[in-house]
Amino acid sequence: QLEQRSDQPPYKLIFELQAHSRELEIKDSYSGSRQILEEALSSAKQRLIMVWPWSLDMHMDRSLMQKLEWFVKQGRQLDIGWCHITSAEDDRFLSVINRRWSFDPLHRRSMQRTLQYLLALKRRYPNNFKFRVLGTIENFLVADQTFAVLGIEDRLTPISSLKDISLKLWTSDTAVIQQLIQTFDH
């Protein structure tokens, strides 16, 4: 129905299948998301906003880190929001991360390497890189005023016969893009 509204629809659903093995999951679970991120890094001329929950799905390899650095080196603005909501019992973000690290050494090393890299990037490019820990579970990306991609709540996927699917919504709707920018900025 959304696609029938115009020749160039402002919305598209993106379906992404997750890998089955744990080793593959860390490397390949974001292959579609990775492709979207790389498209955003190459097409955004002024600002790229990335907001995602911290989890095993978040994996930055050396290639992606180099692309992020290249982006800010060009004088473009990169804003990253790393999301986490704590419960009343777990009201300290770092204590939750520490507990999580103690259970999975591979995840711990990856997460520590990512955090070290982001801190170094912030030190080298303080005017072009913003990194925040946010108290939300949102998942979105905004490339300039051109397009945005929103993660869709996981509660929708159990209805599907494909249990390892994740859904994302791509949009060029300027009202949605402005709302996402305001969400990050404020």
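The values are calculated or read from the model by the stated rules, or taken from the named source; none is laboratory data. This is a predicted model, so every value here is computed, not measured. Virtual Cβ from ideal backbone geometry, glycine too; neighbours counted across all protein chains shown. The accessibility values were calculated without ligands, DNA or RNA, using every heavy atom of the protein model including side chains. Shrake-Rupley method; radii C 1.70, N 1.55, O 1.52, S 1.80 Å.
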So, first residue closer than 13 Å to residue 75 by Cα in the range 37-50, second residue assigned to a helix (DSSP H, G or I), Cβ within less than 6 Å, six or more apart or across chains; the pairs are 41/67; 41/71; 48/40
Of those in the range 141-150 that are buried (at least 21 other Cβ atoms within 10 Å of the Cβ) and in contact with a strand residue (DSSP E or B) (Cβ under 6 Å, 6 or more places away or on another chain), the residue nearest to residue 40 (Cα to Cα) is 143
Picking from 17, 41, 68, 78, the residue that is modelled with pLDDT of 55 or more and open to solvent by 40 Å² or more (accessible area, probe 1.4 Å) would be 17
If we keep only residues of the range 123-140 that are among the aliphatic types (A, V, I, L, M) and in a strand (DSSP E or B), then the residue most open to solvent (accessible area, probe 1.4 Å) is 133
Looking across the range 103-122 at residues that are modelled with pLDDT of 90 or more and open to solvent by 50 Å² or more (accessible area, probe 1.4 Å), the single one that is farthest from residue 61 (Cα to Cα) is 122
